[in-house]
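Below is one structure; the comments refer to it alone.
No lab work stands behind these numbers, since they all come straight from the coordinates. Bear in mind that the values here come from a model prediction, so they are computed numbers and not experimental data. In this analysis, Cβ positions are derived from the backbone assuming ideal geometry, glycine residues included, and neighbour counts consider all displayed protein chains.
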Amino acid sequence: MDYSRHIISTDASVKEALAAINALSGESMTLFAIDPDNHLVGTVTDGDVRRALLRGVALTDPVSKAMHRKFLAIHPKDNILSRMAEGRKRKLSLLPVLDKEGHILEILDLRTVKTMLPIDAVLMAGGKGERLRPLTLKTPKPLLPVGGKPIIDYNIEELERCGVKRIFITTNYLADKIEKYMAKRKGIATVECVREPRRLGTMGSLALIEGLQSDNVLMMNSDLLTTINFEAMYLHHISNKCDLTMAGVPYTVSVPYALMRIKNGRVKGLEEKPTYNYFANAGVYILKRRLIEKVTKGEFLDAPDFISSLIDAGGKVGCYPIEGTWIDIGSPNDYRYANELMERRHGML
């Protein structure tokens with residue numbers, strides 16, 4: 001966000017602070033007071049000014065006499081997630097992020113930013129979407145409109161709300177169309193397209209990416225429509241010390257017949273119309289970046305083979321159950337349902 005209008009010098013007068021707050025009408029009406037060396041030293045709201053005037057502070061006095069000095073901020077060694085939770089508990093709308101000297105690096109708008117996940121993200125967008133033809137003959141599946149905007153935008157916007165700053169998109173089929181669309185897109189995160197020279201599989205395409213910086217990387221299919229809680233999945237991944245965490249979607253199999261339990265050719269019992277509950281791979285993963293560095297660049301490697309090898313090697317693979325919406329838009333019926341769902345949601349807003 002552009003937070004310049006929320007900054008005021010400690011040398012400014014209380015009257016100037018009131019005018020600056022009034023100019024923020026319709027926004028978060030909070031000012032951040034900085035000293036001559038640009039250190040954040042206080043916050044100012046209309047309530048702070050009102051209380052200062054009641055104490056006898058004059059409109060011509062410096063705003064330093066009215067500002068609140070015991071403010072909440074995120075410092076370099078702070079746990080960002082817990083600080084944001086504290087800010088919401090205090091009903092703050094803006095939360096400053098400071099460097100080690102106390103200068104403002106950015107100001108988080110807690111009304112729009114859900115969290116600040118310390119991860120990079122990769123969206124897989126190289127598939128042909130063959131089951132959706134003819135819709136995907138000239139349009140890559142991630143750019144198909146759902147509820148008035150491309151499928152991939154839902155995922156990028158949610159990642160941005162979670163504070164993800166670097167997003168990479170791996171492309172192959174109709175790559176130029178995705179690249180042109182992303183070049184025009186404006187958003188909070190830096191989005192970079194990485195084109196596969198040929199089909200390399202999920203993990204094989206990850207090996208092409210240069211610029212991953214975070215210790216953990218979220219990767220997911222770009223054509224999913226889901227309400228997955230990325231923060232909860234990340235915390236599950238970290239707290240369980242997993243090398244890789246897979247999101248799982250509940251999947252139930254009901255058998256409409258009685259199943260026989262057989263041993264040595266003899267029926268030992270019957271199970272009448274059993275139901276089995278499983279978790280299916282949802283196409284969303286969080287993994288340690290060092291695992292990607294071990295993938296040979298240019299070689300085909302898909303996610304199931306990579307995960308199986310990781311398990312065989314003793315790696316810790318976790319499962320995070322998805323609660324809420326999860327639609328893998330792979331068929332015309334799925335696409336129709338996704339559009340109907342988003343139209344209903346927009347109608348309720």
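Compute the separation of the alpha-carbon centres of segment 268-324 and segment 325-343 and state it in Å as a whole number.
Distance between centres, Cα-based: 24 Å.
List the trypsin sites (Lys or Arg not before Pro) within segment 163-239 that fall in a DSSP loop (any state other than H, G, I, E or B) and whose Cβ has at most 14 other Cβ atoms within 10 Å. Intermediate results must be reported in sequence, preceding the final value.
Details: sites: 165, 166, 177, 180, 184, 185, 186, 195, 198, 199; in loops: 165, 185, 186, 198, 199.
The qualifying sites are 185, 186, 198, 199.
Quick one: go through segment 44-74 and flag any residue whose amide nitrogen is under 14 Å from the point 7 Å out along the Cα-to-Cβ line of residue 19.
59-61, 63
Taking R0 as 41 Å, what's the FRET efficiency between residue 309 and residue 111 from their Cβ-Cβ distance, rounded to 0.05? Please list the in-between numbers first.
Values: r = 44 Å, r/R0 = 1.06.
Result of the calculation: an efficiency of 0.40.
How much length is gained on full extension from residue 296 to residue 57, taking 0.36 nm per residue of separation minus their Cα-Cα distance? It would help to have the intermediate numbers written out before the result.
Numbers: separation 239, 0.36 × 239 = 86.04 nm, distance 6.76 nm.
That pair, residue 296 and residue 57, stretches by 79.3 nm at full extension.
Starting from segment 152-210, pick out the GluC sites (Glu not before Pro) whose DSSP state is loop and whose Cβ has at most 11 other Cβ atoms within 10 Å. Walk me through the intermediate numbers first.
Details: sites: 157, 158, 160, 179, 192, 210; in loops: 210.
For GluC sites (Glu not before Pro) across segment 152-210 that sit outside H, G, I, E and B with at most 11 neighbouring Cβ atoms in 10 Å, the list reads 210.
Give, as a single signed number, the net charge of other residues whose beta carbon lies under 10 Å from the beta carbon of residue 230, with Lys and Arg counted +1 and Asp and Glu -1. Present the calculation step by step, with values, prior to reporting the outcome.
Values: positive: 114, 161; negative: 158, 231.
Taking every Cβ under 10 Å from that of residue 230, the sum is 0.
Run lengths n ≥ 4 of DSSP H only: what is the helix-derived mean residue ellipticity at 222 nm for the chain, with -39500 (n - 2.57) per run over all residues, to the nearest 500? Spell out each step's value before the answer.
On the way: 10 runs with 97 residues, N = 349.
Computed ellipticity for the chain at 222 nm equals -8000 deg cm²/dmol.
Residue-wise, which Karplus ³J(HN,Hα) couplings in Hz belong to segment 316-321, taking 6.51 cos²θ - 1.76 cosθ + 1.60, θ = phi - 60°, and x for glycine or proline?
Once θ is set to phi - 60°, the couplings for segment 316-321 become 9, 10, x, 10, 10, x Hz.
Among 284, 331, 269, which residue has its Cα positioned farthest towards the positive end of the charge dipole of segment 269-349, with +1 placed on the Cβ of Lys and Arg, -1 on the Cβ of Asp and Glu, and the dipole taken about the Cα centre?
Going by the charge dipole, the pick is 284.
For segment 4-109, with only Lys/Arg (+1) and Asp/Glu (-1) charged at the beta-carbon, what is the dipole magnitude about the Cα centre, in debye rounded to 20? Show your work: numbers first, answer last.
Values: 15 positive and 14 negative charges, 117 e Å.
That gives segment 4-109 a dipole magnitude of about 560 debye.
Can you give the convex hull volume of the alpha carbon atoms of segment 4-109 per residue, in Å³? Could the numbers behind the result be given before it?
Values: hull volume 9.8 nm³, N = 106.
Per residue, the Cα convex hull of segment 4-109 comes to 92 Å³.
Around residue 67, which amide H atoms from residues at least 5 apart in sequence, or from another chain, sit under 5 Å from its own amide H, with H modelled in the peptide plane?
Those qualifying (amide H under 5 Å, at least 5 residues apart or on another chain) number zero.
For 288, 65, 77, what's the fewest-to-most ordering of other Cβ within 10 Å of each Cβ? Please report the intermediate quantities before stating the final value.
On the way: 288 17, 65 14, 77 6.
Listed from fewest to most nearby Cβ atoms, that is 77, 65, 288.
In what order do 152, 74 fall by count of nearby beta-carbon atoms within 10 Å, going from fewest to most?
74, 152
Tell me, how many Å apart are the Cα centres for segment 92-149 and for segment 184-260?
If you average the Cα positions of each part, the centres end up 13 Å apart.
For the chain, compute Rg over Rh where Rg is the Cα radius of gyration and Rh is the Kirkwood radius from the inverse mean 1/r over Cα pairs. Could you put the intermediate results ahead of the total?
Details: Rg = 25.7 Å, Rh = 23.6 Å.
So for the chain, dividing Rg by the Kirkwood Rh gives 1.09.
Taking the Cβ of each residue in 168, 230, 300 as the centre, tally the other Cβ atoms inside 10 Å and list the residues starting with the fewest.
Numbers: 168 23, 230 26, 300 14.
Result, fewest neighbours first: 300, 168, 230.
Quick check: the angle from helix 46-55's long axis to the longest principal axis of the chain, C-alpha only, nearest 10 degrees?
The angle comes out near 30 degrees.
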